[in-house]
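Here's the structure we're looking at; comments come further down.
Just so you know, all these numbers are worked out from the coordinates, no wet-lab data involved. Just so we're clear, the structure is a prediction, and the values are computed from it rather than from any experiment. Every residue, glycine as well, gets a Cβ built from its backbone with ideal geometry; the counts of neighbours run over all protein chains shown.
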């Protein structure tokens, strides 16, 4: 009887340790997702902070391209009010499209393409785009790992009971999946 009681206590202890381990793993993975989302947010903020400088340089040469400048300004404002990674992703996709339009406009102004400030901003933006892509891949890898851990058995039992929710991927729209050529 004593052996049976000790066996039951050992089984309960093992189950409790397993539950704690699963919970701690899920918390750690969720934290990794939040941290990598924060990295993307920081890079997007840097990108959106760089854009007014680019716009002001281009404005000096292309005064009649008011529509493009207004759209970029509107998107910068929206990014500041973005509620989550999905909304940030959508705004980012729209900004990428607006920047492509801005770059296309600049093609019509050879003096602009030779402007030192414009060239530096172009290089800075290109480097920042590379960093954003790396951060997106890292974030999506963290999301994938977290979501898989949530869905595998028996973790799914703990995850649903503890109210863990799947994370959203930072998705690119179809237009953004095409190669972006940032050349002037």
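Annotations
- Selection status of residue 84, loosely packed, with under 14 Cβ neighbours inside 10 Å and in contact (Cβ under 8 Å) with a residue 60 or more places away in the chain: yes
- Region 11-56, residues that are touching a helix residue (DSSP H, G or I) at 6+ places or on another chain (Cβ under 8 Å) and either closer than 17 Å to residue 127 by Cβ or not in a helix (DSSP H, G or I) (or both): 39, 40, 43, 44, 45, 46, 47, 48, 50, 51, 53, 54
- Within region 111-160, tally of residues that are surrounded by 16 or more Cβ atoms within 10 Å (Cβ to Cβ) and not in a helix (DSSP H, G or I): 1
- Filtered residues of region 124-153 (kept if in contact (Cβ under 8 Å) with a residue 40 or more places away in the chain and over 12 Å from the mean Cα position of the chain (by Cα)): 124, 125, 126, 128, 145, 146, 149, 150
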